[in-house]
Amino acid sequence: MTGSEKLFQEAVTLIPGGVNSPVRAFGSVNMTPRFIASAEGAYLTDVDGNRYLDYIGSWGPMILGHANPLVLEKVEEACRKGLSFGAATEAEVDMARLICSMVPSVEMVRMVNSGTEAVMSAVRAARGYTGRDKIVKFEGCYHGHSDSMLVKAGSGVMTAGVPDSSGVPAGCTKDTLLAGYNDIASVEKLFDACGSEIAAVIIEPVGANMGVVLPEKGFLENLRRLCTENGTVLIFDEVITGFRLARAGAQEYFGIQADLTTYGKIIGGGMPVGAYGGKREIMEVVAPVGSVYQAGTLSGNPVAMAAGLAQLTYLNEYPGVYEQLQKMGELLYGGMRDMCEDLGLSCRVSFAGSLGCLFFTSEEVTDYRSAKASDTEAFCRYFRHMLEHGIYIAPSQFEAMFLCASHTEENIRYTLDTMHKYFEKQF
């Protein structure tokens, strides 16, 4: 029995499912989770000493690679000064200044502790600002596990085949309206029915929790138009895309500005942190300035701020990182796409920059329905092969692959070669 298997046997008796987040479970691929002992650059090492080429990157935030020396140095300095104060610090001001300077649509920002908390707070701010209650979200987009957002969500909810969650009272979702991703007509229908009641439209600009689903031409532009025409707050959930697709995230990548934006652990170098920000007039409804209450004892934690400042400062000062990631994305995901075409595989590859996904389906993936049509059993077999050959991808068909600045062309060639050998045997 391996060390991971032993740990998992004990974990299931102490932790629900043996994991502290469903996306870490290997149940959908019929395997035992690997328990990780350390990470460096583009690699993970488990408790049994097995080394893996990592394409998860702590679900996105490790854009510079694991244990980046610049980040570690700043974290160590901050730790020596104290782990938490529960009081204002200079680092919070520095972080807010940096985010606002990098993202044109963000004039004010509030630090929180997770992407879930950022979304919950942004939605509350939008409701307080507009005086309206209804929220529009899109099928397959995951915005954290707050009650009102667990309606046909993506990520772990999608993997488990559960469109909603028990424990969520019906009243919590009565004002959550569902639209189809890439289906602007479905959004227009909702606005025609109750546009004056819609406080916000929230969307992942790239649907990165149902695999990777790209917005079709004109979709985001029309969302922006509808929100402007109806006095509705447009919220971009950039927990995945923020500071990853470009210096200013998906808003720069696609040329669309949101009213509010939510961020996750990438602004903390992978440490537990999040933020939401946007137009000054909206953010000033938040307490203690305004009447929308939101608080957090650990918000702006000095260690997390130190890590985030190190990472974001590097990304800000060396934007060539994004050119490098774009090149590597074309090499990896473009290579996967070409392989599928050359071998005649019933697969589709979707990617944007360093984000990508291999779907086991013959139809184009444009929304929740077409993503769900993927052959999860075929993915399971593929996942096992990749893991056995030292390549660590998400244990779910409906999660993204993440490249980091530490991945090399040699890493990409090995990954493509490993895939090619597998598919040649299968087909």
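In the assembled protein chains, Asp342 presents an accessible area of approximately 130 Å² (probe radius 1.4 Å). Computed with a 1.4 Å probe over protein heavy atoms only, the accessible area of Arg110 comes to about 60 Å².
Pairwise inverse Cα distances across the stretch 1-149, averaged and inverted, put the Kirkwood hydrodynamic radius at 19.3 Å. A 1.4 Å probe run over the protein chains yields, for the stretch 247-357, 38 Å² of accessible area per residue, whole-number rounding.
Per residue, how much space in cubic angstrom lies within the convex hull of the C-alpha atoms of the stretch 1-68? Spell out each step's value before the answer.
Values: hull volume 6.4 nm³, N = 68.
Convex hull of Cα atoms, per residue: 94 Å³.
For the chain, the membrane-span-like helix rule (DSSP H, alpha carbon extent of at least 20 Å along the helix axis, mean Kyte-Doolittle at least -1.0) picks out 115-130, 302-317, 320-343; this says nothing about an actual membrane. Find the centroid of the Cα atoms in the stretch 234-309 and in the stretch 401-421, then give the distance between the two in whole Å. After rounding, the separation between the Cα centres reads 31 Å. With Cα atoms as the point set, the radius of gyration and Dmax of the chain evaluate to 21.0, 63 Å.
Of His389, His407, His145, the residue with the largest accessible area leads and the full order is His145, His389, His407 (1.4 Å probe). Once neighbouring chains are kept in place and the probe is 1.4 Å, which whole percent of the accessible area of the chain is contributed by carbon and sulfur? Summing carbon and sulfur atoms, their accessible area is 51 percent of the total for the chain. Rounded to the nearest 10 square angstrom, Leu331 shows an accessible area of 70 square angstrom against a 1.4 Å probe. Considering every alpha-carbon pair of the stretch 329-393, the percent of pairs per 5 Å bin, from zero through the bin containing the longest distance, is 4, 17, 24, 28, 22, 5, 1. In the chain, taking the dipole from charged Cβ atoms about the Cα centre, the farthest positive-side position among Thr313, Leu325, Ser28 is held by Ser28. Calculated [222 nm] ellipticity per residue, helices only, for the chain: -12500 deg cm²/dmol; basis is -39500 (n - 2.57) per DSSP H run with n ≥ 4, divided by all residues, nearest 500. Using the Cβ-Cβ distance between Ser84 and Thr313 with R0 set to 22 Å, the FRET efficiency from 1/(1 + (r/R0)^6) comes to roughly 0.50.
For Met31, Met336, give me the order by solvent-accessible area with a 1.4 Å probe, most accessible first, ignoring ligands, DNA and RNA. Can you show the working numbers first?
Values: Met31 35, Met336 0 Å².
If we order Met31, Met336 from most to least accessible, we get Met31, Met336.
How long is the gain from Glu323 to Leu14 if the chain were fully straight, where each residue apart is worth 0.36 nm and the alpha carbon distance is subtracted? List each step's numbers first, then the result.
Values: separation 309, 0.36 × 309 = 111.24 nm, distance 4.46 nm.
Fully extending the segment from Glu323 to Leu14 adds 106.8 nm.
With no solvent and one equal point scatterer placed on each C-alpha of the stretch 310-427, evaluate the Debye formula and give log10 I(q)/I(0) for q = 0.10 Å⁻¹, two decimals. The computed values of log10 I(q)/I(0) come out as -0.32. Just checking the listed ones, Ala25, Ala200, Ala258: in the Gaussian network model of the chain with Cα springs under 10 Å, the one fluctuating most is Ala25.
Could you order Thr418, Thr228, Thr173 by accessible surface area, starting with the largest, using a probe radius of 1.4 Å? Before the final figure, lay out each step's value.
On the way: Thr418 5, Thr228 95, Thr173 35 Å².
Correct descending sequence by accessible area is Thr228, Thr173, Thr418.
Looking at the chain only, what percent of DSSP beta bridges run antiparallel? Nearest 5 please. Intermediate values should be presented prior to the final figure.
Values: 26 of 43 bridges.
Given both bridge residues lie in the chain, the antiparallel proportion sits at roughly 60 percent.
The values are calculated or read from the model by the stated rules, or taken from the named source; none is laboratory data. Computed from a predicted model, the values in this text were never measured in an experiment. When we count neighbours, we look across all protein chains shown, and the Cβ atoms used for this are built from the backbone with ideal geometry, even at glycine. Calculation scope for accessible area: heavy atoms of the full protein, side chains included, ligands and nucleic acids excluded. Shrake-Rupley method; radii C 1.70, N 1.55, O 1.52, S 1.80 Å.
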